[in-house]
Structures are given as structure tokens and as C-alpha cells.
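Some notes on the structure that comes next.
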Amino acid sequence: MELKTAATTFSALSQSSRLAILRQLVMAGTNGRTPGALSAELGIPPSTLSFHLKELQQAGLVQGSKNGRSITYMADYGGLRGLINFLLADCCQGDPRLCGPYVIRD
């Protein structure tokens with residue numbers, strides 16, 4: 001991940017509602033959540049939720065899957081993995097005893 005992409009991703013996560021949405025989607029796993037379920041679970045109005053989901057999608061952290069007339073949102077684990085790798089790529093000069101198995105080399 002490039003520095004500019006990482007900065008965009010962190011910017012998306014710097015808002016507490018977006019971070020809460022992402023955490024909820026990570027917990028939901030591959031089943032994801034519908035906007036209605038997210039709105040009810042987090043107490044975020046639908047129009048505000050839609051705005052936040054769009055921002056998270058643009059940052060590469062969330063993806064939507066259309067099911068008929070509804071959309072199910074899921075965490076984009078590839079995007080999350082890229083962000084984690086960006087943070088830990090130079091961790092402790094690559095010493096696996098300190099960084100553990102968290103960095104996935106491409």
C-alpha cells in the first residue's frame with residue numbers, strides 16, 4: 001500500500017461512526033449486514049449511514065453485494081490486510097519474534 005492510499009484509509013477511519021460500522025462488519029464476517037440492520041444496531045440514521053458506507057467503500061475497507069433489491073455490506077478483508085501490512089511492514093526491522101506472523105509478504 002502506498003502512503004497516499006494509507007492516508008486516505010486512515011482518514012476514513014478517523015470518524016467514530018465509520019470505525020463502529022467497520023467493526024460491526026468485521027464481526028459479521030462473510031454474512032455481512034444490510035444497511036437496515038447496521039442502522040438499527042448502531043443507532044445511525046439511514047442517510048448518514050449511507051454516507052459513511054460510501055466513504056468506507058472508497059477507502060477500500062467495505063464492499064457491497066447486491067441481493068435482488070437490497071445490498072449487503074461486508075468488510076473488505078483484502079483492504080484491511082493491506083492496511084495492517086502497511087503498518088507492520090517495517091516493524092522491528094522485520095524481526096518475527098517481535099512482529100509475529102502478522103505481516104503477509106506479497
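The values are calculated or read from the model by the stated rules, or taken from the named source; none is laboratory data. Keep in mind that this is a model prediction, so the values were computed, not measured. Positions of Cβ are backbone-derived with ideal geometry, glycine not excepted, and every protein chain shown enters the neighbour counts.
Points worth noting:
- Filter result for Ser14 (of a type in the set (S, T, N, Q), modelled with pLDDT of 95 or more and farther than 12 Å from Leu83 by Cβ): no
- Across the stretch 25-47, the number of residues qualifying as over 10 Å from the mean Cα position of the chain (by Cα), part of a helix (DSSP H, G or I) and under 13 Å from Ala75 (Cβ atoms) comes to 6.
- Residue match in the stretch 76-83 (condition: at pLDDT 95 or above and surrounded by 12 or more Cβ atoms within 10 Å (Cβ to Cβ)): yes
- Annotation note: of Tyr73, Tyr77, the sole residue that is within 8 Å of the chain's Cα centre (by Cα) and either among the hydroxyl-bearing types (Ser, Thr, Tyr) or farther than 23 Å from Met1 by Cβ (or both) is Tyr77.
- When every residue of the stretch 28-47 is checked against the conditions, at least one turns out to be out of contact with any Leu (no Cβ under 8 Å at 6 or more places or on another chain), buried (at least 17 other Cβ atoms within 10 Å of the Cβ), of a type outside the set (Asp, Glu) and without any contact (Cβ under 8 Å) to a residue 60 or more places away in the chain.
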